[in-house]
1. In whole angstrom, note down how far apart the Cα centers of region 89-157 and region 217-251 are.
2. With the crude spin-label approximation of a point 7 Å out along Cα→Cβ, what separation in nm comes out for residue 269 versus residue 182?
3. Return one number: the angle in degrees, 0 to 90 and rounded to the nearest 10, between the long axis of the Cα atoms of helix 2-45 and the longest principal axis of the Cα atoms of the chain.
4. Between 0 and 90 degrees, rounded to the nearest ten: what's the tilt of helix 60-73 against the longest Cα principal axis of the chain?
5. For the chain, build the convex hull from the C-alpha positions and give me its volume per residue in Å³.
6. Okay, helix-only estimate at 222 nm for the chain: each DSSP H run of n ≥ 4 adds -39500 (n - 2.57), divide by all residues, round to 500 deg cm²/dmol; what do you get?
7. Take each of the peptides 158-168, 228-238, average the number of other beta-carbon atoms within 10 Å over its residues, and list them starting from the highest.
8. What percent do you get for the relative contact order of the chain when only Cα pairs under 8 Å and 6+ apart count?
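Only the coordinates and a few stated rules stand behind these numbers; no lab work does. The model shown is predicted, which means the values in this text are computed figures rather than measured ones. Cβ coordinates were reconstructed from backbone atoms using ideal geometry, including for glycine residues, and neighbour counts include every protein chain displayed.
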């Protein structure tokens with residue numbers, strides 16, 4: 001009876017997780033949409049940095065100030081989930097980002113993220129991984145977007161770049177799901193009663209859960225082959241982790257990147 005009860009509970013959790021994953025997919029659409037609208041608008045605001053043939057590298061303070069200003073003044077960028085904004089020259093070499101400590105300056109972003117080259121002509125999104133980043137949370141992937149900063153003659157004077165890591169984005173999605181579940185529980189009169197849940201982004205290379213996700217959970221998710229499972233559509237199932245039954249649901253989020261999706265791992269009390 002106990003084993004059967006756990007199995008039924010895990011199946012229920014998987015059903016709930018599918019609803020959660022569907023809700024999370026709408027959040028992904030919203031977040032990427034903010035960048036798709038906001039980055040070209042921000043690039044227009046930075047046109048003064050390259051006007052009249054000006055070289056932004058000659059005034060780093062103006063570059064950083066401009067990057068900080070577009071984050072404040074462009075509505076979509078003000079609420080975007082970006083962890084940085086950076087300006088690169090037309091060859092892709094980073095000039096400056098908006099952070100206090102700039103470890104990006106001097107790196108050739110087109111060499112690291114070849115897909116960014118299309119950003120010299122118009123908005124583009126791509127993925128890859130910054131070198132020499134901390135691996136304390138395990139392997140990670142970076143989602144990057146670029147848009148051209150155009151001179152008066154129509155040529156590209158610089159490239160505006162932004163993005164986030166998948167583990168950071170998973171943390172954002174996990175917090176968004178927590179808020180959603182709290183609202184649902186409150187509306188049902190079950191305030192304070194929440195399931196145990198985790199959210200992760202996945203692609204063909206791996207699974208990237210939020211920081212502080214137990215290693216055993218990450219390994220369990222990685223063993224599920226989520227990219228293959230979701231090739232023909234959303235997938236759900238059950239998995240036992242440390243003698244506890246969980247349900248999971250996974251689906252693709254092509255708005256984020258090809259062969260990429262999110263998974264919700266959930267168990268009820």
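1. Cα centroid of region 89-157 versus Cα centroid of region 217-251: 33 Å apart.
2. 1.5
3. 10
4. Roughly 50 degrees between the two axes.
5. For the chain, the hull spanned by Cα atoms encloses 130 Å³ per residue.
6. Using -39500 (n - 2.57) per qualifying helix, the result is -12000 deg cm²/dmol.
7. The peptides rank, most packed first, as 158-168, 228-238.
8. RCO, the chain: 23 percent.
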